[in-house]
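For reference, the structure discussed in these notes is given below.
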Amino acid sequence: MTGKMKAAIMPSLRKMEIIEKDIPIPKNNEVLVKLEYAGICGSDLHYYENGRIGKNIVNYPFILGHECAGEVIETGSGVKNLKPGDRVALEPGKTCGKCFYCRSGKYNLCQDVIFYATPPVDGIFQEFTVHPADLCFKLPSNVSTMEGALIEPLAVGFHAALTGNAKLGKTALVCGSGCIGLVSMLSLKALGISAVFISDIVPGRLEKAKILGVTQTINVKEQNLEKAINDHTGGEGVDLVIETSGAESSASSAISVLKKGGILVLVGYSSSGMMNLPIDIAMRKELEIKTIFRYRHIFPMAIEAVEQGRVKIKEIVTNTFDFSNIGDAMEKSLLDKEGIVKAVIKIG
């Protein structure tokens, strides 16, 4: 397929512009996908507002976006697992497949990963993309491409929950009820944890967590987190905390509410890159402090959870924008954190 497509570029900070560019051509092991939905991630908003995340600095013009799904239009000559017409969710990181981390199964730690919308690699806020067929996961008939676009953040939630050894009979707290906090909560419940608490300072986000079935919300602007957790657990604390906010105060409080021998999983990035934590308390409790980076081997599991109805992923969406209004979508998502928990772009 040849011709032109529309793409949304960021020509400078907090600016979006629709341009035309060539439709890419798939290589032997790739497929051409007509994108139908894309999610707006917190990292997209960070690049949009600040032009960088740590050492990753945007060179303009730049295309944002990495959460997506769509329909296969063409396949390369070597592709056997997909055909035109298949609907797929795209895992956005292309790894080398040869390094120690790739060969040991921890491919998310590959140092040579090419990840959509991580400078200098352009993202997928455009009508078509080419992608390795092995990183395109076919969607069941009862899973929409909008839900498919949300498999990527859901994979983060499942990776966090699995890293925290989530299972039936455990109790958990999620710090932060933004998108990643919500998918972490949904993942915990899907893995059998019945008592899941969630904390935040934004009432609208906590209300969304209630709709999604969290056991109890805790507004830490109005309540002391340790007292609230002790009240709800009979003074025992929780087995697992997934910290998604990146706030030092939140991570410190998480250590206080964990049971002895509990697990803290750090997911959210601190804005400064540094945290001062009460390690003395963590040591006396013999806590495990773990971290995650993206995910690995999760997409099939996440898709199955949505297919079976164990995760109602589309319910995290609060706003849908047409592709032509992507500038408005980015600006509103940045400014209205109370009202917009998760926005998706309808591309095609």
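At a glance:
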quantity: Breaking point among (1) over 24 Å from residue 178 (Cβ atoms); (2) among the polar types (S, T, N, Q); (3) in contact (Cβ under 8 Å) with a residue 24 or more places away in the chain, for residue 50; calculated: (1)
quantity: Pairs where the first residue, in the range 272-286, is under 19 Å from residue 247 (Cα atoms) and the second is of a type in the set (A, V, I, L, M), C-beta under 7 Å, 6+ apart; calculated: 275/251; 277/251; 277/255; 278/255; 281/255; 282/255; 282/289
quantity: Residue in the range 31-46 that is closer than 16 Å to residue 346 by Cβ, among the hydrophobic types (A, V, I, L, M, F, W, C), surrounded by fewer than 18 Cβ atoms within 10 Å (Cβ to Cβ) and not assigned by TED's automatic domain parsing to the domain that holds residue 269 present; calculated: no
quantity: Identity of the residue in the range 163-196, hydroxyl-bearing (Ser, Thr, Tyr) and part of a loop (DSSP other than H, G, I, E, B), that ends up surrounded by the most Cβ atoms within 10 Å (Cβ to Cβ); calculated: 177
quantity: Filter result for the condition that a residue is at pLDDT below 95 and assigned by TED's automatic domain parsing to the domain that holds residue 207, over 253, 271; calculated: 271
quantity: Count - residues of the range 1-11 that are under 26 Å from the mean Cα position of the chain (by Cα) and surrounded by 13 or more Cβ atoms within 10 Å (Cβ to Cβ); calculated: 5
quantity: Any hit, the range 302-319, residues being loosely packed, with under 15 Cβ neighbours inside 10 Å, at pLDDT 95 or above and of a type in the set (Ser, Thr, Tyr); calculated: no
quantity: Tally of residues being in a loop (DSSP other than H, G, I, E, B) and either exposed (fewer than 15 other Cβ atoms within 10 Å of the Cβ) or outside the structural domain of residue 169 (by TED's automatic domain parsing) (or both) across the range 220-242; calculated: 7
quantity: Matching option when the condition is of a type in the set (S, T, N, Q) and part of a helix (DSSP H, G or I), among 245, 199, 252, 270; calculated: 252
quantity: Lone unmet requirement of (1) crowded, with 17+ Cβ neighbours inside 10 Å; (2) assigned to a loop (DSSP other than H, G, I, E, B); (3) over 16 Å from the mean Cα position of the chain (by Cα) for residue 326; calculated: (2)
quantity: Qualifying residue in the range 121-132 (condition: in a loop (DSSP other than H, G, I, E, B), assigned by TED's automatic domain parsing to the domain that holds residue 48, of a type in the set (Asp, Glu) and more than 19 Å from residue 84 (Cα to Cα)); calculated: yes
quantity: In the range 35-69, residue nearest to residue 313 (Cα to Cα) [restricted to those that are of a type in the set (A, V, I, L, M, F, W, C) and out of contact with any helix residue (DSSP H, G or I) (no Cβ under 9 Å at 6 or more places or on another chain)]; calculated: 63
quantity: Residue that is farther than 29 Å from residue 86 by Cα, of a type outside the set (Ser, Thr, Tyr) and assigned by TED's automatic domain parsing to the domain that holds residue 116, where the choices are 11, 24; calculated: 11
quantity: Residue count, the range 182-196 (criterion: small (Gly, Ala, Ser) and either outside the structural domain of residue 239 (by TED's automatic domain parsing) or within 14 Å of residue 302 (Cα to Cα) (or both)); calculated: 3
quantity: Residues (among the aliphatic types (A, V, I, L, M) and in contact with a helix residue (DSSP H, G or I) (Cβ under 9 Å, 6 or more places away or on another chain)) located in the range 275-289; calculated: 275, 277, 279, 281, 282, 287, 289
quantity: Among (1) at positive phi; (2) in contact with an Asp or Glu (Cβ under 6 Å, 6 or more places away or on another chain), the one test that residue 273 misses; calculated: (2)
quantity: Positions within the range 329-348 being outside any strand (DSSP E or B), touching a Gly at 6+ places or on another chain (Cβ under 7 Å) and of a type in the set (Val, Ile, Thr), in sequence order; calculated: 341
quantity: Meets criteria (in a helix (DSSP H, G or I), at pLDDT 95 or above, under 24 Å from residue 335 (Cβ atoms) and small (Gly, Ala, Ser)) for residue 157; calculated: no
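To keep it simple, each residue is scored yes or no on (1) at pLDDT below 95; (2) out of contact with any strand residue (DSSP E or B) (no Cβ under 8 Å at 6 or more places or on another chain); (3) β-branched (Val, Ile, Thr); (4) surrounded by 14 or more Cβ atoms within 10 Å (Cβ to Cβ).
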{"site": "56", "(1), (2), (3), (4)": "yes, yes, no, yes"}
{"site": "62", "(1), (2), (3), (4)": "no, no, no, yes"}
{"site": "71", "(1), (2), (3), (4)": "no, no, no, yes"}
{"site": "74", "(1), (2), (3), (4)": "no, no, no, yes"}
{"site": "98", "(1), (2), (3), (4)": "no, yes, no, no"}
{"site": "121", "(1), (2), (3), (4)": "no, no, yes, yes"}
{"site": "131", "(1), (2), (3), (4)": "no, no, no, yes"}
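The values are calculated or read from the model by the stated rules, or taken from the named source; none is laboratory data. Only a predicted model underlies this, so the values are computations on that prediction, with no experimental measurement involved. Because the Cβ atoms are built from the backbone with ideal geometry, glycine has one as well, and the counts that use them run over all protein chains shown.
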